[in-house]
Amino acid sequence: KQWYQRRVAITAGIIVLSSLQRPKKISVIGSDGKTYGLLCKPKDDLRKDRRFMEFNMMVNRLLKRDITARKAQLHIRTYAVTPLSENSGLVEWVDNTKLLRSILRSLYDERKLGMTGSETKAIFEKLRSIKKKNVIASVKTKEFVELFKNSVLPRHPAVLAVWYRRTFPEPSSWFAARQKYTHTTAVISMVGYVVGLGDRHAENIMFDMKTGEIVHVDFDCLFEKGETFEWPEKVPFRLTHNMVNAFGVTGIEGMFRLSCITTMRVIRNEKESLISVLKAFVHDPLGEWAKQDRRNYGLDRGRQSVRGRD
């Protein structure tokens, strides 16, 4: 509700972020006297982000109407997105959040773990050499898995649960934060599966330091666009060993599985309403999709996921 306050002034000072497109954070004062943060993004088409937020808000409304989902407070964290043109727009700044990459990097540095840039580059060179081998796919897959287990995983153990214990030291607050994290992860995982959401790297996933909820950003990679990358994305959603580690002793069983089942049941019970929203993606004149001829594929993929035909 606070997002609809009328903006009356821009405060002094602009923060230029260090990411590739150098977006700028500004602060504006609303008619209620409060200060709101905005992220000005250049050279970035935010129309898909806006459409995806509309889809998420509809999912949230459907979840609130379901008794089981409402009791578990299942929802997706949303934020305002306002495209200004085909290559610029404004995004609501989400306060009190921290990137997954920053969390893991600090924990690994404490333990003198992780990899340097040169070590990471060497791993990718090994991956490329395996990829070029003239052998059957199953043999390549086995070598990829062995490389990950022997070279990558020992340097990157599961530590995300440590961050939750430190950030929420009281037993009651820790339990509530872990519960909210598990619920929000389950919902975005199922919704991401339905729309083929990809590019879920550690800088597109944030954590709310007050509630423990997970917040996803940057929704440019939709409808299995990740399959067209140099290293095609095959997984339905991101669920790494670190993310499972923060679920607690039950792992993917228990709370996470039940939340996934409830979310997917609600989505499939309301499939016609959600498919009508997905059609907006198809008819929105996104030049990138027109060039790649992925519009009909995107809608078909969404229909199959929602209707349970995968």
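On the stretch given as segment 259-291, residues that are under 20 Å from the mean Cα position of the chain (by Cα), at pLDDT 90 or above and crowded, with 17+ Cβ neighbours inside 10 Å total 6.
Hey, any hits in segment 213-224 for a residue that's among the β-branched types (Val, Ile, Thr) and over 19 Å from the mean Cα position of the chain (by Cα)? No, there is no match, as no residue in segment 213-224 is among the β-branched types (Val, Ile, Thr) and over 19 Å from the mean Cα position of the chain (by Cα). Applying the condition of being aliphatic (A, V, I, L, M) and part of a loop (DSSP other than H, G, I, E, B) to segment 94-138 and asking which residue is most open to solvent (accessible area, probe 1.4 Å) yields Ile136. Each residue in segment 218-249 was checked for being hydrophobic (A, V, I, L, M, F, W, C), closer than 19 Å to Leu46 by Cα and without any contact (Cβ under 8 Å) to a residue 40 or more places away in the chain, and 1 pass. Only one of the listed residues (Gly212, Gly198) is open to solvent by less than 10 Å² (accessible area, probe 1.4 Å), modelled with pLDDT under 90 and of a type in the set (Gly, Ala, Ser). That residue is Gly198.
For segment 215-233, the set of residues classified as surrounded by fewer than 16 Cβ atoms within 10 Å (Cβ to Cβ) and β-branched (Val, Ile, Thr) consists of Thr228 only.
Based on what the data block shows, is Arg47 at pLDDT 85 or above, closer than 25 Å to Leu278 by Cα and charged (D, E, K, R)? Considered against the rule, which asks whether it is at pLDDT 85 or above, closer than 25 Å to Leu278 by Cα and charged (D, E, K, R), Arg47 comes out as no. When the residues of segment 52-77 are filtered to those that are of a type outside the set (Lys, Arg) and over 17 Å from Val194 (Cα atoms), the one that is surrounded by the fewest Cβ atoms within 10 Å (Cβ to Cβ) is Ile67.
Results for (1) surrounded by fewer than 10 Cβ atoms within 10 Å (Cβ to Cβ); (2) within 24 Å of the chain's Cα centre (by Cα); (3) part of a loop (DSSP other than H, G, I, E, B), shown as yes or no for each residue.
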| position | (1), (2), (3) |
| --- | --- |
| Thr141 | no, no, no |
| Asn150 | yes, no, no |
| Ala161 | no, yes, no |
| Tyr164 | no, yes, no |
| Phe175 | no, yes, no |
| Gly192 | no, yes, no |
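Taking the numbered list (1) in contact with a Ser or Thr (Cβ under 6 Å, 6 or more places away or on another chain); (2) within 14 Å of Arg77 (Cα to Cα); (3) part of a helix (DSSP H, G or I); (4) not polar (S, T, N, Q) in turn, Tyr181 passes all entries but (1).
Arg70 passes every criterion in (1) in contact with a helix residue (DSSP H, G or I) (Cβ under 7 Å, 6 or more places away or on another chain); (2) free of Cβ contacts under 8 Å to residues at least 24 places away in the same chain; (3) in a loop (DSSP other than H, G, I, E, B) apart from (3). Contact map, segment 184-202: first residue farther than 14 Å from Val235 by Cα, second residue open to solvent by 10 Å² or more (accessible area, probe 1.4 Å) and of a type in the set (Lys, Arg), Cβ cut-off under 7 Å, separation 6 or more or different chains; pairs are Thr184/Arg77; Ala202/Arg101.
The values are calculated or read from the model by the stated rules, or taken from the named source; none is laboratory data. Bear in mind the structure is a predicted one, so any value in this text is a computation, not a measurement. Quick reminder, even Gly has a Cβ in these numbers, built from the backbone with ideal geometry, and neighbours come from all protein chains shown. Note: areas computed on protein heavy atoms with side chains; ligands, DNA, RNA excluded. Shrake-Rupley method; radii C 1.70, N 1.55, O 1.52, S 1.80 Å.
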